[in-house]
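Taken together, the values in this text are just the output of simple stated rules run on the coordinates, not laboratory data. Since this is a predicted model, take the numbers as computed values, not measurements. Cβ placement follows ideal geometry from the backbone for every residue including glycine, while neighbour counts extend to all protein chains displayed.
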Amino acid sequence: MSEASAPPPPDTRRLILPKVLSSPVAVIGGGIVGFWCLVALLAPVIAPYSPVQQLTPFQQPGATDATGNFFWLGTDHLGRDLLSRIVWGARRVLFFSIAATASAYAVGVSMGLVAGYLRGWIDDVVSTIANIVLSFPVLVLYVVLISVFGASGSNIVLAVTLASAPGIMRIVRGIVLDLRNRDYVASAQIRGESALYIMFVEILPNATTLLIVDACLRLGYVTITIGVLGFLGLGLPPPEPDWGGMVNETRAMATFAPHLTLFPCLAISSLVLGLNLLADGLRETELKD
Amino acid sequence: MMLATMLAVSVLTFLLLEVNGDSVVVKVLGPYSTDEQRALWLTANGYDEPAFLRYFTWLGDVLQGDFGDSIRYRAPVADVLWPRLTNTAILAGVVFAIMVPLSIAAGVLAGMNEGGATDRIISTFSILTTSIPEFASAVFLSFVFVLSLGWFPATSTMTGGFQPIQLVMPAMVLVLFGFGYVARMMRASMAEVMQSNYIRTAVLRGLPFHRVILRHGLRNALIAPFTVIVLQINWLLSGVIVVEFFFAYRGFGALLLEASLTQDIKLLQACAMVSVVVAVATQAIADIGYGFLNPRVRFT
């Protein structure tokens, strides 16, 4: 955040792509993320079997069973094809991480804009609530919330929103406090624009580049969170695959079937790594400007 | 402020877990209990009173160290909680004793020469370790050190008394995950200090390089990461849940998860309260310590 009152960039969306391409780190990260997005989108085409179809249990990677079914990554204890489960799992994991992050952003950004622009008692109330929520160790908060509301997709979105929105709110509030005294805000005020217009049309577009970096990092955290909740048995309900849950179901068999836990772990780690690299690369190009 | 936060959190915990007496009784007596049994239990345990009265009764008990009885263990929560907390404290202590010096050293080495080969290796390694969720690194490390090499035991149940070797795997996972974050903070801070005028002066005065780093650089570079390091205690409270569950270590994190999975309300409440008290206390330590290290903030 520079103090100089730079003119608002004309169109942030158009500026993002060249920025990604100018950083090799961001390109690698973006490539990994893009790969998983493609896998998620094309899951019905890529996956050789249904993720819940029970074929032959405990096939090793690259094995062919008696009926001639071939398994690239082997099968699990219920005879489900691991590759199909990872591919469909990508769809489920990405869908819920993006949904949860988007929902957290919607709430966090609105709260941050209101708190930072309007100040006064609204700011006090919003900031106090944020401080209280943020004083919980994050996973403890998730465990408590999920055990109260129950484990389901929508409750995970709800829990992530509750736990992450305060952090987003703090960042947005900080940016708004920095931007609210700029000339273009003052001129909009003199024009008689409504507070809502100023917050969303004048201020928010100037915060987007910073928020995109934060969103990449946060999407990584949320992916980890959904994986961890799945691993702890508090995540998305079975039998549809999610990577964390797959590890939880099969970790007891690690001595004779380690591939069952290794591949889902590789999947989630590579996705989060991609998101972190993308954020890192974007931040560095951001600093260069 | 600290007290206010804790009070607010206690209200929140209470609201979330206990305000609805009907759902509590189902968890205590099970789904097959009759309506009559439930009504009797609710009256016997004071659930007929209004929620805010119950809150103050509960808070008063908690302040006296009485967290109520655990449904699962059929024992006072306090008796279950303290040994578990001790176990986690041991694990956390080991993790800190390894992680802090290691990540500071790595951060200093990387930040001393920004953009150099050492910096690139350390930075890449730290972004890699922060990207791997704890349960995944537990799987990877177990595969290497337990299944392939057979160096360490697969679980850390400590059934045959306290065995330090069983601490290795859980500690390694936690160190690895926390390392990257602290190292990156330390690196950023060190790189900033290295560009300052007093370092340039010290170098130009012809002091030996290690003296410049140790006497002038390190002391100032440690100020900013101090907060991050103290706040790692807070993060560790999350990390231990995963790691203790994975390695079946009988600590606080595993207890919290168990309380959640078995819907043991009193136990879950106590665990949540303890973790929040620890978290708020570390926040306070971080603030006070920061003011102590950096006199500039004391006047603002």
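In table form, for the structure just shown:
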read-out: Axial C-alpha extent at least 27 Å, average Kyte-Doolittle at least -0.5 - helices from chain A (DSSP); value: A:82-118, A:153-179, A:204-231, A:259-288
read-out: Dimensions (Å) - chain A, Cα atoms, principal axes, largest first; value: 78, 44, 27
read-out: Of A:Gly62, A:Gly220, A:Gly153, the one that fluctuates the most in a GNM where chain A has Cα springs shorter than 10 Å; value: A:Gly62
read-out: For chain A, built as a Gaussian network whose Cα springs stay under 10 Å, the top-fluctuating residue of A:Val272, A:Val148, A:Val126; value: A:Val148
read-out: Rg to Rh quotient for chain B, alpha carbon positions, Kirkwood Rh; value: 1.08
read-out: Descending semi-axes in Å of the stretch B:1-152, equivalent ellipsoid built from Cα gyration tensor; value: 48, 22, 15
read-out: Integer Hz, Karplus 6.51/-1.76/1.60 couplings in order for the stretch B:258-271, x for Gly and Pro; value: 4, 4, 5, 5, 9, 6, 7, 4, 4, 5, 5, 4, 4, 4
read-out: Rounded, prolate or oblate (a/c below 1.5 giving rounded, otherwise prolate when a/b exceeds b/c) for the protein assembly as shown by Cα gyration tensor; value: rounded
read-out: For chain B, built as a Gaussian network whose Cα springs stay under 10 Å, the top-fluctuating residue of B:Tyr290, B:Tyr249, B:Tyr181; value: B:Tyr290
read-out: Relative contact order (%) - chain B, alpha-carbon pairs under 8 angstrom, separation at least six; value: 25 percent
read-out: Cα point-scatterer Debye curve for the stretch A:40-177, base-10 log of I(q)/I(0) at q = 0.20 Å⁻¹; value: -1.05
read-out: Tail beyond 17 Å, pair distance distribution of the stretch B:200-300 (Cα, percent); value: 66 percent
read-out: Residue mean of other protein chain beta carbons inside 10 Å, B:236-242; value: 5
read-out: Derived scalar couplings ³J(HN,Hα) [the stretch B:219-232; Karplus, 6.51 cos²θ - 1.76 cosθ + 1.60; whole Hz; x for Gly, Pro]; value: 4, 7, 6, 6, 4, 5, x, 3, 4, 4, 5, 5, 6, 5
read-out: Net charge, A:Ala40 excluded, C-beta distance under 11 Å - Lys, Arg +1, Asp, Glu -1; value: +2
read-out: Histogram of C-alpha separations across the stretch A:122-254, 5 Å bin width, %; value: 2, 9, 16, 16, 15, 12, 10, 8, 6, 4, 2, 1, 0, 0
read-out: Once the Cα gyration tensor of the stretch A:192-286 is diagonalised, semi-axes √(5λ) in Å; value: 39, 17, 7
read-out: Cα pair distances in the stretch A:173-229, grouped into 5 Å bins until the bin that holds the longest one, percent each; value: 4, 17, 22, 16, 11, 9, 9, 6, 3, 2, 0
read-out: Mean shadow area of the stretch B:79-190, taken as a quarter of the surface of its Cα convex hull (nm²); value: 8.1 nm²
read-out: Kirkwood-type radius of the stretch A:137-202, with distances r between different C-alpha atoms, in Å; value: 14.4 Å
read-out: Cα-projected label distance for B:Phe56 with B:Thr118, points at 7 Å along beta-carbon direction, nm; value: 6.2 nm
